[in-house]
Amino acid sequence: MTVLKMKIVVVGGQYGDEGKGKIISHLALADNPEIIARGGVGPNAGHMVHYKGQKFGLRMLPSGFVNKSSRIMIGAGVSVDPEVLEREITLTGTKGRIFVDRRCTVITKEHKEMDATAALSAKIGTTKTGCGPAVTARAARNAMLAQDCEELKPYLTDVATEVNKAKNVLIEGTQGFMLSVLYGTYPFVTSKDISASTIAADVGIGPTKIDEVIMIIKSYTTRVGNGPFHDEISVEEATKLGFQEYGTVTGRPRRTSKELHWDDLRFAAMVNGATQIAVTKLDVRFAGNAGVREYKKLTPEAKKFVEKIEKELSVPVTLIGTGPDAEDVIDRRK
Ligand code: GTP
Ligand code: IMP
Ligand code: MG
């Protein structure tokens, strides 16, 4: 498959934390996109990117920043916290090639305070990053836009026009389908839809212009925050299995299920219009696969698991994560 002249949307298929940061950084390096544009909610996301011995924890910046020749952009649908953005630009040294759509909603101090004190934060277990209140302000026609924010002036552009002019664009989703305000476990969800169609709209691309949708799933299921979650196991059991994780934004222990939730994943693949699946942490689930970069070198049980995913979802598994680094990926697209 040639990846030139393509617009690819990447989304999470579970409850976020599927390893989008890692798969997106791989795609950024492998496909060399002109533009990497991020959609989704805002700095409630937490993405870990490991590359060449360095480790980056990001909340605002597109994870594809590791490709130094790509321009990186934040689409109009994303709420932007100028403080978090500036910190991450400094951390990653991306000044000069990072751009923000002039129409983005600005997250203010008040939004963060509301998110931290609201009764909702206790009920839902929000990330307290001000995203929900900023989205609410936008819907109430009471939000500040990036074009009116002094700190964001150096970065402003029209992302929609830029991504439509470019040929090879990687579009990053954030969160995961089960947290969608429309399709997830309402009311225990984030404040926006985050399915592929909305992510494309967030950066200003129409549905007829999207070539591929890659849905990422982790080889077991985790959820951070409150809400329904079936086949949940204890922290002790998850630790014993090597599955226990802690949130990058909040530090909270993630809830774990060692099962893949097939009915949810089939529905997610359908609504997202997934044309490819990426599976992460295959090495965590099956010993003997760490760092493998060729499909034929996977253990028989790991291969059987990949085949089961393809059969259950009727979508090919094209990318497989076998370690933390951006380059620890089996890429079957070529
Ligand atoms: P997203 O929010 O989807 O980007 O995931 P995340 O980055 O929030 O997840 P987390 O903070 O838990 O970080 C994932 C960690 O797992 C990072 O350190 C990644 O490098 C690592 N990781 C991602 N994919 C794999 C994989 O396939 N195998 C292993 N062993 N580690 C992985
Ligand atoms: P909010 O998006 O901060 O309002 O939080 C609403 C719910 O979504 C909470 O359960 C959060 O833990 C969850 N959430 C939001 N963003 C992410 C993410 O990027 N990864 C995992 N959970 C998230
Ligand atoms: Mg995350």
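For L152, indicate whether it is buried (at least 18 other Cβ atoms within 10 Å of the Cβ), over 23 Å from P33 (Cβ atoms) and either of a type in the set (G, A, S) or at pLDDT 95 or above (or both).
Numbers: buried (at least 18 other Cβ atoms within 10 Å of the Cβ): yes; over 23 Å from P33 (Cβ atoms): yes; either of a type in the set (G, A, S) or at pLDDT 95 or above (or both): yes.
In short, yes.
A143 meets the conditions (1) open to solvent by 10 Å² or more (accessible area, probe 1.4 Å); (2) touching a residue at least 40 places away in the same chain (Cβ under 8 Å); (3) among the small types (G, A, S); (4) under 27 Å from A122 (Cβ atoms) in every case but one. The failed one is (2).
Residues in the stretch 196-235 that are small (G, A, S) and out of contact with any strand residue (DSSP E or B) (no Cβ under 8 Å at 6 or more places or on another chain): S197, A201, G206, G225, G227, S234.
For residues in the stretch 190-223 being open to solvent by 10 Å² or more (accessible area, probe 1.4 Å) and within 16 Å of ligand 1 (Cβ to nearest atom), which is nearest to G242 (Cα to Cα)? The selected residue is T190. Selection of strands (runs of 3 or more DSSP E) fully inside the stretch 267-332 by the criterion of at least 3 residues being touching a residue at least 24 places away in the same chain (Cβ under 8 Å) and among the hydrophobic types (A, V, I, L, M, F, W, C) returns 276-280, 317-321.
When the stretch 18-53 is limited to residues that are acidic (D, E) and out of contact with any strand residue (DSSP E or B) (no Cβ under 6 Å at 6 or more places or on another chain), the one that is nearest to ligand 2 (Cβ to nearest atom) turns out to be D31.
Among residues of the stretch 236-254 being out of contact with any strand residue (DSSP E or B) (no Cβ under 6 Å at 6 or more places or on another chain) and assigned to a loop (DSSP other than H, G, I, E, B), the one that is farthest from I124 (Cα to Cα) is G242.
Say whether the condition of being in a strand (DSSP E or B), among the β-branched types (V, I, T) and over 19 Å from V224 (Cβ atoms) is met by at least one residue in the stretch 107-129. I'd like the intermediate steps shown before the answer.
Just the residues of the stretch 107-129 that are in a strand (DSSP E or B), to begin with: none.
No, that holds for no residue.
Of all residues in the stretch 76-87, those being more than 16 Å from ligand 2 (Cβ to nearest atom) and either open to solvent by 10 Å² or more (accessible area, probe 1.4 Å) or within 15 Å of the chain's Cα centre (by Cα) (or both) number 5. For L260, the conditions (1) in a loop (DSSP other than H, G, I, E, B); (2) open to solvent by less than 20 Å² (accessible area, probe 1.4 Å); (3) farther than 17 Å from G176 by Cα are fulfilled apart from (3).
Going by the structure shown, is V292 under 18 Å from the mean Cα position of the chain (by Cα) and open to solvent by less than 60 Å² (accessible area, probe 1.4 Å)?
Answer is no for this residue.
With a requirement of 2 or more residues that are open to solvent by 10 Å² or more (accessible area, probe 1.4 Å), the strands (runs of 3 or more DSSP E) lying completely within the stretch 21-66 that satisfy it span 47-51, 54-58.
The values are calculated or read from the model by the stated rules, or taken from the named source; none is laboratory data. Given the structure is predicted, the values throughout are model-derived calculations rather than measurements. Virtual Cβ from ideal backbone geometry, glycine too; neighbours counted across all protein chains shown. All accessible areas refer to the heavy atoms of the entire protein, side chains included, with ligands and DNA or RNA removed. Shrake-Rupley method; radii C 1.70, N 1.55, O 1.52, S 1.80 Å.
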